[in-house]
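Presented below is the structure to which this report refers.
Read the figures in this text as sums done on the coordinates, not as results from a lab. Computed from a predicted structure; not experimentally measured.
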Amino acid sequence: MQKRVVLIVLVQMLLAIPAFNANTKLSALQFFVGHWQGTVHGEPGSGTVERDYELVMNETFIRVRNKSVYPPQEKNPKSETHEDFGLFSYDGNRKKHVLRQFHVEGFVNQYVEDTFAPDGKKMVFVTETIENIPAGWRARETYQIRNDNEFTERFELAPPGEEFKLYSESAFKRAKAGKAD
């Protein structure tokens, strides 16, 4: 009888502890879920960009798919198509969002949340690691929400021992809202 009472008390205590809910932790990024189109300007020239953000795996992660196309131009006479995909997650131990990106060129970037404005309109992520690039390089992505249907993204790089320099800036407009897998 005493064991049963202890078991009941333990079960009640466990039920009272709020469960980890990644979706709640990802709610700060919910704005991005959907299909986006826009323009990109930077080192490779000027082009167009399409990006999809979607909740996946029981809304535990946000998957990102990106494609930037730079047509032939003075800065880039041969043209260029850049593709990457990534996953946003929430690291409960650090209480920070993490972005892991996989690039067609073979780079794998792991960013961690650096700054998250209290109003949620500006988010800065800085790399912890970058695979397949010489040691010491860093990258930074800054997202600035302009209104309910627009945001900008600044992508900056820093060689070893140097400050960040703008590589590209994209302006996105919402094409349609997204949905979970």
From the phi of every residue in the range 38-46, what ³J(HN,Hα) in whole Hz does the Karplus formula 6.51 cos²θ - 1.76 cosθ + 1.60 yield, where θ is phi - 60° and glycine or proline is x?
x, 10, 9, 9, x, 4, x, x, 10
Got a sec to turn the phi values of the range 135-140 into Karplus ³J(HN,Hα) couplings, 6.51 cos²θ - 1.76 cosθ + 1.60 with θ = phi - 60°, whole Hz, x for Gly and Pro?
4, x, 5, 10, 9, 9
Taking amide hydrogens as modeled 1.01 Å from N in the peptide plane, which residues meet the under 5 Å criterion relative to residue 138, leaving out close sequence neighbours?
158
Check which residues have an amide H placed less than 5 Å from residue 79's amide H, if you skip close sequence neighbours.
73
3J(HN,Hα) from dihedral phi, the range 109-116, Karplus parametrisation 6.51/-1.76/1.60, rounded to Hz, x for glycine, proline:
9, 10, 9, 10, 4, 9, 9, 9
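In nm², what is the average projected area of the convex hull enclosing the Cα atoms of the range 21-177? Show your work: numbers first, answer last.
Numbers: hull surface 38.5 nm².
The number I arrive at for the range 21-177 is 9.6 nm².
How long is the gain from residue 57 to residue 165 if the chain were fully straight, where each residue apart is worth 0.36 nm and the alpha carbon distance is subtracted? It would help to have the intermediate numbers written out before the result.
Details: separation 108, 0.36 × 108 = 38.88 nm, distance 3.53 nm.
Between residue 57 and residue 165, full extension yields an extra 35.3 nm.
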